[in-house]
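The values are calculated or read from the model by the stated rules, or taken from the named source; none is laboratory data. Note that the structure is predicted; figures quoted are calculated from it, not measured. Neighbour counts run over all protein chains shown; Cβ positions are idealised from the backbone, glycine included.
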Amino acid sequence: MKFSLFIHMERVNADEPQQRLYDEMIELCQIADNGGMHAIWTGEHHGMNFTIAPNPLLNLVDLAHRTKNVRLGTGTVIAPFWHPIRLAGEAAMADIIMGGRLDLGIARGAYGFEYERLSPGLDAWTAGQKMRELIPAIKGLWAGDYTHDGEHWKFPKTTSAPLPVQQPHPPIWVAARDPNSHEFAVANGCNVQVTPMHMGDEEVQNLMNKFNAACEKHADLPRPKIMVLRHTYVADSEADAQQGAAELNEFFNYFAAWFKNEKPISMGLLETISPEEIAANPNYTPEIMRKNHIIGEPAEVISRIKGYQAMGYDEYSLWIDSGMSFARKKASLTRFVNDVMPAFA
């Protein structure tokens, strides 16, 4: 089992300066690197102060100069917002600057808020089709002298300039949930990223079952790697764990509100969700957070992740965005490195 950190700049109000958020993100990434984590992942989002991440490659190139050992991954770039030639070239340049440490995670995207602004009229189905067209095109561009005549893009013979350091290309990861996405990833030699969101371990097993079914369907191909992404808080006491659950409950209310795309937004920030609204939402409660997410003292966290290891997961990614203070995130990550990871050495 390998471990990684999944991180953005995150805020729900304007009280925290963005420069400070960036500096705090860097410090957390350096803890992950110095602590022996395998990778750092950061995603792509636009116009949202909730997860500030307009270009993950930009952040990862900076991290390459501030870290020594970790792999640096996009978790994820949003396929319909990229032209294949542009993504192939920029990802390859990033791989050169990083010294061959890039992992390229790709997804269809999920926020209607972003679709409306960057690609009006785009729906999830079309976004998924663009992802399925984009990935083979990128591989073709990295191989060189590639001509593309697809539904969404058409271009004459082109070679990515530059070419990546890693050959034949950096590892490609696909964010997958439904069986078709798993099958596409396996058939195209891509690793798989999954997240159960707010659901419990039964969903973690369900996602692994879909991956296993895809691997069985393509038994003639090498089995890719699979990573599970979970909100995680390593507590120093049960009272601390309960506080972490309450904080994640508030975070998920904002997370869901961004997905619904119904609340007013001003200066990239969602209208404040009142404590009464949070308490009235039956989908997210502190009790649900405490049960479903990986929250608890080190022994409990180790036991839960051991269960994921037994299911067959290759990588566990600690999703640190949580609505918690920087001090609490830092304390949890430090405990994860010092008290949880050694149990898997």
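Observations, loosely collected:
- Just one of the numbered conditions (1) over 18 Å from E183 (Cα atoms); (2) of a type outside the set (S, T, N, Q); (3) out of contact with any Phe, Trp or Tyr (no Cβ under 6 Å at 6 or more places or on another chain); (4) not in a strand (DSSP E or B) is not true of G140: (3).
- Restricting the first member to region 138-151 and to residues that are over 20 Å from I78 (Cα atoms), and the second to residues that are in a strand (DSSP E or B) and among the hydroxyl-bearing types (S, T, Y), the beta-carbon pairs closer than 7 Å and six or more apart or on different chains are Y146/T158.
- L122 meets the conditions (1) of a type outside the set (V, I, T); (2) surrounded by fewer than 19 Cβ atoms within 10 Å (Cβ to Cβ); (3) assigned to a helix (DSSP H, G or I) in every case but one. The failed one is (3).
- When residues of region 35-69 are limited to those that are more than 25 Å from I273 (Cα to Cα) and touching a residue at least 60 places away in the same chain (Cβ under 8 Å), the one surrounded by the most Cβ atoms within 10 Å (Cβ to Cβ): W41
- Checked against (1) farther than 24 Å from N206 by Cα; (2) surrounded by fewer than 17 Cβ atoms within 10 Å (Cβ to Cβ), S332 passes all but condition (2).
- Which listed residue, of Y146, Y115, Y111, is of a type in the set (F, W, Y) and farther than 26 Å from P179 by Cα: Y146
- Region 299-345, residues that are farther than 19 Å from E27 by Cβ and small (G, A, S): A299, S303, G307, A310, G312, A343, A345
- Any hit, region 17-25, residues being under 19 Å from L229 (Cα atoms), crowded, with 19+ Cβ neighbours inside 10 Å and among the hydrophobic types (A, V, I, L, M, F, W, C): yes
- Taking the criterion of being among the polar types (S, T, N, Q) and either in contact (Cβ under 8 Å) with a residue 24 or more places away in the chain or within 27 Å of A331 (Cα to Cα) (or both), the residues of region 226-275 that qualify are T232, S237, Q242, Q243, N249, N253, N261, T272.
- For region 265-286, the criterion of being among the aromatic types (F, W, Y) and modelled with pLDDT of 95 or more is satisfied by no residue at all.
- Residue match in region 162-169 (condition: among the hydrophobic types (A, V, I, L, M, F, W, C), within 25 Å of A88 (Cβ to Cβ), at pLDDT 95 or above and under 18 Å from the mean Cα position of the chain (by Cα)): no
- When the test is whether a residue is of a type in the set (K, R), out of contact with any Leu (no Cβ under 8 Å at 6 or more places or on another chain), surrounded by fewer than 22 Cβ atoms within 10 Å (Cβ to Cβ) and in contact (Cβ under 8 Å) with a residue 60 or more places away in the chain, R290 does not pass it.
- From I97, I135, I85, residue being in contact with a Cys (Cβ under 9 Å, 6 or more places away or on another chain), assigned to a helix (DSSP H, G or I) and either aliphatic (A, V, I, L, M) or on the phi > 0 side of the Ramachandran plot (or both): I135
- Looking only at region 284-317, and only at residues there that are polar (S, T, N, Q) and over 22 Å from the mean Cα position of the chain (by Cα), the one that is nearest to D339 (Cα to Cα): S303
- Residue match in region 201-217 (condition: part of a loop (DSSP other than H, G, I, E, B) and of a type outside the set (K, R)): no
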